[in-house]
1. State, as an integer percentage, the relative contact order of the chain based on alpha-carbon contacts under 8 Å between residues 6 or more apart.
2. What does a probe at Lys2 reach in region 238-282, counting residues whose amide N is under 11 Å from the point 7 Å along Cα→Cβ?
3. Report the rotationally averaged projected area of region 155-260 based on its alpha-carbon convex hull, in square nanometres.
4. Could you run the Debye sum over the Cα atoms of region 205-343, one equal point scatterer each and no solvent, and tell me log10 of I(q)/I(0) at q = 0.09, 0.16 Å⁻¹, two decimals?
5. Once you list every other residue whose beta carbon is under 12 Å from the beta carbon of Pro139, what net charge do they have if Lys and Arg are +1 and Asp and Glu are -1?
6. Please express the Cα-Cα pair-distance distribution P(r) of region 219-287 as a list of whole percents, one per 10 Å bin, running from 0 to the bin with the greatest distance.
7. Send over a whole-number figure in Å² for the accessible area per residue of region 93-219, probe 1.4 Å.
8. What is the dipole size for the chain, taken about its Cα centre, with +1 at each Lys and Arg Cβ and -1 at each Asp and Glu Cβ, in debye to the nearest 20?
Amino acid sequence: MKCPVCEMDCIDSAKDLLATLPTIFLPCADCTLRALDKRSPLPLLEYTEICSCGKRFIDEVFAHMYVIMVEEGDLSRTDPLIAVGSPLVHPGFAMDRPPFLPEESLVLLTARATKKTAERLFREVPELRGVVKKGDFIPGITNPDLHSVPKVYALLAGCDVRADVFPLSTGPLVMYKQQSLIHIEFPRMGYPKIRAVEQHVGKPPVSYFVDACSGVGTLGLTAACLGVPHVVMNDAWYASAFWSAFNLEVNREYLRISRVKIFEQLEDMQKHPVTSDPIKIAETEGDQIIEVYQGDFHQLFSVLPPGNNPVTVLDIFDKKDLTSLEPFKREWLERVGGEVFVP
Ligand SMILES: [Zn+2]
Ligand SMILES: [Zn+2]
C-alpha cells in the first residue's frame, strides 16, 4: 500500500506483515551477537557489518549510529551508547529477546542528532526507516480543553510510519501510526486495554461500540475484529483520526466490509489539526458499518443515532483525575445511553 507520508511502499496489509512475523527478528546461523552496555560509551569506534542474511543485532546498529554521531560532533566520546536515542522497532510486538534487525525496521527517536546527521544516518544505516527529533514534551493532544495547538516532533529523515501488532483472540491486529505526531504508548504486559474491550464486547458481540478517544484506532478496531456490527471511532487530533481510518484499510481482511470510503486525506486534515464539532473522516460499506470521526468526544453524541445503547470505551490520555470523568459519563448516559467504561 502506498504510504501517505513518504509515498513509497512502506506499508503492508495486516496479512502480508503478519506473514513475516515468526522469523523477522531472528538471526541466521552466521549472525553474530555482541551485547553492549548501553550506559557506557562504545569501547572502540567500530561496528560489525551486516550479515549476509541482511540482518544485524540491534546493539551493533546502535554502535554504527554512535560512530556516525561522534564523527558529526552530535555526541562526545564520553557519551553512553544510550545517548544515540530510543529505538522504535517495526513491527513492534512483545519480544522475549532483543531483535536482529532487517532493512528498514527501525525508527530512531533522538534528541541529539541534527538534520544533517539524521540524513547521513538514514543513508548509511540500512536498518533505519526514519529519524525523528525528540523534544522534551509529548506529541499530540495532551490537554483535554482542546484550545492549545498540539506540539509534534520533527521527522528529520526517511519515514516515521511504523506498526504495532496486538494479539486478539481472533488473530493479530496491525496498527500503523506516524510516530512524530502520536504519543508513544508502550503496550503493557498482557495488553490490559485489549482484554478490557474483549470483556465488554462479550460473546456473542454487542451490536454497537463507540471508541470515543480512539487514538490510531486500536480499541475500536479490536471491537470490529471481534465482530461488532456497528463501530464508531472518534478523536479530536487529525493524525489519530486519519490513522484510525487508514488502519481500517490495513486490517480489512479481518472485517466484513466491502469498501472503506475515506472522505479526507492527510493533507486536507492538516488544515484542521484539532476540531470540536465532529467531522466524518471515513465510513465502511458491507455487513459491518465502521465510522471514523474527528471531533471532541463531548460533541460526539450529536452525530450518533439516539436509543441504540452502545458500549462506549473512554481511553482518555490523562487518567490522573478519573473523578472529573463522572459528569461526562452522566451526560453521555443521558444523551446516548448504554454503558461507558475506562480501560
Ligand atoms: Zn512511509
Ligand atoms: Zn545472519
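The values are calculated or read from the model by the stated rules, or taken from the named source; none is laboratory data. Computed from a prediction, not measured in an experiment: that's the story for all the values here. Note that each Cβ is placed from the backbone with ideal geometry, even for glycine, and that neighbours are counted across all protein chains shown. Surface accessibility is based on the protein's heavy atoms, side chains included, excluding ligands, DNA and RNA. Shrake-Rupley method; radii C 1.70, N 1.55, O 1.52, S 1.80 Å.
1. On the way: 677 pairs, mean separation 40.4, N = 343.
In percent, rounded to a whole number, it is 12.
2. None, by backbone N distance to the label point.
3. 7.0 nm²
4. Debye intensities relative to I(0), on a log10 scale: -0.23, -0.76.
5. On the way: positive: Lys133, Lys134, Lys151, Lys177; negative: Asp136, Asp160, Glu185.
Every neighbour counted, the sum reads +1.
6. Distribution as computed: 20, 54, 24, 2 percent.
7. On the way: 5780 Å² over 127 residues.
Spelled out: the 1.4 Å probe surface of region 93-219, per residue, equals 46 Å².
8. Numbers: 35 positive and 46 negative charges, 81 e Å.
Magnitude of the dipole: close to 380 debye.
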